[in-house]
Amino acid sequence: MTLTYRPVPATEGREAIENPPVRRRNKRVRYALTVLVFLLPSALPLAFFTIYPMFGALWASFHKWNLLAPMQWVGIDNYISLAQDPMTQRAFFNTFYYLAGYLPLVFVGGLALALALNERIKGRNILRGVYFLPVVTSWIVVALVWRWLLNPSVGIVNAMLGVFGIDGPGWWTDPAWAMPSIIIASAWKDLGFVMIILLAGLQAIPQEMYEAAKVDGAGAWRRLFNVTLPLLSPSTFFVVVISLINGFQVFDQVYAMTGGGPAGASTVVVQQIFDLTFRYGAAGEASALSWMLFVLVLGVTVVQIIGQRKWVTYA
């Protein structure tokens, strides 16, 4: 066997050695493929069960459809009819009513618990677990318990009010008190979640900041408003965004406690979507309403993200 020598052109050797952009590009491609392989187990379910249904609902929103018969193209008629529908307008009003009562209550209550359980008190770890327990409890269980507690006839709440000579309201049976009943139950369940997030934020604040404030003569209230709340603003921002998104999608407690009643007093947007789909067979209008809600939530979230530059302090 005869070995022959073929010299490698100098240009090929230099290109392999002296072309770092090619090597960097190949490295980036390999890295992207590696990341893709690791993301596939979660990306595929996300694509099939979230992204695809979203755009499927968008397509259905331009049709008249009862889930059984073939779709009939109607364009934007579903959106126009929903915008003019008094029931849909009332559902949006009730949703904003819920948010106006729920968000301040759950934030102030969660902040108070976080501040209290951040102190060195006896049994604080047990108390943290007790207050967080409702968060991991099923919404149906919580709703049924509060439905019983707020029962106008045999509920404990009205019985306790009667001890003080107060006639308790009709709660979830009264159109004027149905939404406050849901707000109270929702805030009670979510207090633990807000407490844990804000407690983590409190523990991340350097103690030197409080010591410096004390040296300057700041009292407890001034330390709260000038040190704690500004440095707690990243956690506050997260809590507000998550609570607003969840609040716009409120449904479980409404369905279990009032079913949207009495007389539509507690019907919210997601309840309206449910009714349009499964009670009235108007899946096209329900899809349009779901996209109206999505755009609203997206818009509110974008406004918060833009606005957080002015009030969130990242130390």
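The values are calculated or read from the model by the stated rules, or taken from the named source; none is laboratory data. All values reported here derive from a predicted model rather than from experimental measurement. For neighbour counting, all protein chains shown are included, and Cβ atoms are generated from backbone atoms with ideal geometry for every residue, glycine included. Accessible surface areas use protein heavy atoms only, side chains included; no ligands, DNA or RNA. Shrake-Rupley method; radii C 1.70, N 1.55, O 1.52, S 1.80 Å.
With the condition kept exactly as written, say whether any residue in the range 93-116 is polar (S, T, N, Q) and open to solvent by less than 40 Å² (accessible area, probe 1.4 Å). If you could, list the steps in order and put the result at the bottom.
Taking the range 93-116 and keeping what is polar (S, T, N, Q), we get 94-95.
With the extra rule that they be open to solvent by less than 40 Å² (accessible area, probe 1.4 Å), the set shrinks to 94-95.
Within the range 93-116 (the criterion being polar (S, T, N, Q) and open to solvent by less than 40 Å² (accessible area, probe 1.4 Å)), the answer is yes, since at least one residue qualifies.
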Would you say residue 267 is under 28 Å from residue 60 (Cα atoms) and of a type in the set (Ser, Thr, Tyr)? yes
Do any helices (runs of 4 or more DSSP H) lying entirely in the range 149-244 carry at least 2 residues that are farther than 30 Å from residue 299 by Cβ and of a type in the set (Asp, Glu), and which ones are they? 207-215
Please go through (1) crowded, with 17+ Cβ neighbours inside 10 Å; (2) more than 30 Å from residue 141 (Cβ to Cβ) for residue 204 and return the number of the only condition it doesn't satisfy. (1)
Considering residues of the range 26-78 that are among the aliphatic types (A, V, I, L, M), over 31 Å from the mean Cα position of the chain (by Cα) and part of a loop (DSSP other than H, G, I, E, B) only, the residue surrounded by the most Cβ atoms within 10 Å (Cβ to Cβ): 74
